[in-house]
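Asker: The structure under discussion is supplied below as structure tokens; questions concerning it will follow.
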Amino acid sequence: MYLLLCDRFRDTCIAAEQEGILVGFVLSFVPPAHMDTIFIWQVGVAERFRGQGIGLEMLNHLVAMPSCASVKFLEATVTLTNAPSRALFAAFARQHEAAIVQSERYGRELFPNGNHEAEHLLRIGPIGSRMNIAKGDNVAGI
Ligand SMILES: CC(C)(COP(=O)(O)OP(=O)(O)OC[C@H]1O[C@@H](n2cnc3c(N)ncnc32)[C@H](O)[C@@H]1OP(=O)(O)O)[C@@H](O)C(=O)NCCC(=O)NCCS
């Protein structure tokens, strides 16, 4: 799935590098039936680089890219216990002065053996002020 996304949806996938080291990535796509929405499949930052603003910078870079020109909402699914991920999306919503609407999307019963927490959909938007948010230099399209 990861390879498929960064191959077939490369315009909405980004990697962050510092001195040639891959430190983070975002894999996402704009669902054809919902061109106003970017769905984040996965966002990850290497452990020792976390808490430095790289996750937030990648999301800001993503929504400012030409491939997201039609995007007004950002969606992601997150478990209730993933505090860093929730904090990241909350910070993104705050920066964009956008609301977050949460709903349970994929219940525990949908996962093999039921041993995965339910995934809750976060829908953030409308995103209004994205062009005013500074972009860093260490994020590039894949
Ligand atoms: C979620 C993740 C991508 C965040 O990346 P990051 O680069 O550390 O995040 P940032 O430094 O940009 O922080 C963004 C916000 O989240 C907050 N935050 C980050 N990590 C946090 C933590 N462990 N606990 C509480 N808040 C946290 C930051 O304080 C910041 O909020 P602020 O602007 O209000 O201060 C990273 O923790 C990660 O890779 N986790 C494992 C993979 C994962 O769970 N991905 C999400 C799946 S949906």
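Asker: From the list SER70, SER85, which one is at negative phi, small (Gly, Ala, Ser) and more than 11 Å from the ligand (Cβ to nearest atom)?
Answerer: Details: SER85 fails: more than 11 Å from the ligand (Cβ to nearest atom).
Sole residue among the options that is at negative phi, small (Gly, Ala, Ser) and more than 11 Å from the ligand (Cβ to nearest atom): SER70.
Asker: I'm trying to understand the selection: among the residues of the range 61-87, which are within 16 Å of GLU119 (Cβ to Cβ), outside any loop (DSSP other than H, G, I, E, B) and in contact with a strand residue (DSSP E or B) (Cβ under 8 Å, 6 or more places away or on another chain)?
Answerer: Across the range 61-87, the qualifying residues are LEU74, GLU75, ALA76, THR77, VAL78, SER85, ARG86.
Asker: With the condition kept exactly as written, say whether any residue in the range 49-71 is more than 25 Å from ARG8 (Cβ to Cβ), of a type in the set (Gly, Ala, Ser) and at pLDDT 95 or above.
Answerer: So far as the range 49-71 goes, yes, one or more of its residues are more than 25 Å from ARG8 (Cβ to Cβ), of a type in the set (Gly, Ala, Ser) and at pLDDT 95 or above.
Asker: Select from the range 40-59 the residues that are more than 7 Å from the ligand (Cβ to nearest atom) and over 9 Å from the mean Cα position of the chain (by Cα) and list them in ascending order.
Answerer: Answer for the range 40-59, where residues must be more than 7 Å from the ligand (Cβ to nearest atom) and over 9 Å from the mean Cα position of the chain (by Cα): ALA46, GLU47, ARG48.
Asker: Condition first: within 24 Å of GLU117 (Cα to Cα), assigned to a strand (DSSP E or B) and of a type outside the set (Phe, Trp, Tyr). Can you find one or more residues in the range 45-52 that meet it?
Answerer: Taking every residue of the range 45-52 in turn, at least one turns out to be within 24 Å of GLU117 (Cα to Cα), assigned to a strand (DSSP E or B) and of a type outside the set (Phe, Trp, Tyr).
Asker: So which pairs qualify, if the first residue must be in the range 63-83 and in contact (Cβ under 8 Å) with a residue 12 or more places away in the chain, the second must be among the aliphatic types (A, V, I, L, M) and part of a helix (DSSP H, G or I), the Cβ gap must be under 8 Å, and the two must be at least 6 apart or on different chains?
Answerer: Final answer for the pair search is ALA64/MET131; CYS68/LEU62; VAL71/VAL63; LEU74/LEU59; LEU74/VAL63.
Asker: Can you run down the residue pairs with Cβ atoms below 6 Å, 6 or more apart or on separate chains, where the first is in the range 40-51 and over 17 Å from CYS68 (Cβ atoms) and the partner is outside any strand (DSSP E or B) and of a type outside the set (S, T, N, Q)?
Answerer: VAL45/ILE54; VAL45/GLY55
Condition check ((1) outside any helix (DSSP H, G or I); (2) more than 10 Å from the ligand (Cβ to nearest atom); (3) surrounded by 17 or more Cβ atoms within 10 Å (Cβ to Cβ)) across all residues:
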site: PHE25; (1), (2), (3): yes, no, yes
site: ALA33; (1), (2), (3): yes, yes, no
site: PHE89; (1), (2), (3): no, no, yes
site: ARG94; (1), (2), (3): no, no, no
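Asker: Additional query: So, in the range 1-23, of the ones that are surrounded by 12 or more Cβ atoms within 10 Å (Cβ to Cβ) and among the acidic types (Asp, Glu), which residue ends up nearest to PRO126 (Cα to Cα)?
Answerer: The qualifying residue nearest to PRO126 (Cα to Cα) is ASP11.
The values are calculated or read from the model by the stated rules, or taken from the named source; none is laboratory data. Everything numeric here is computed off the predicted structure, so don't read it as measured data. FYI the Cβ positions are ideal-geometry reconstructions off the backbone, even for glycines, and counts take in every protein chain you see.
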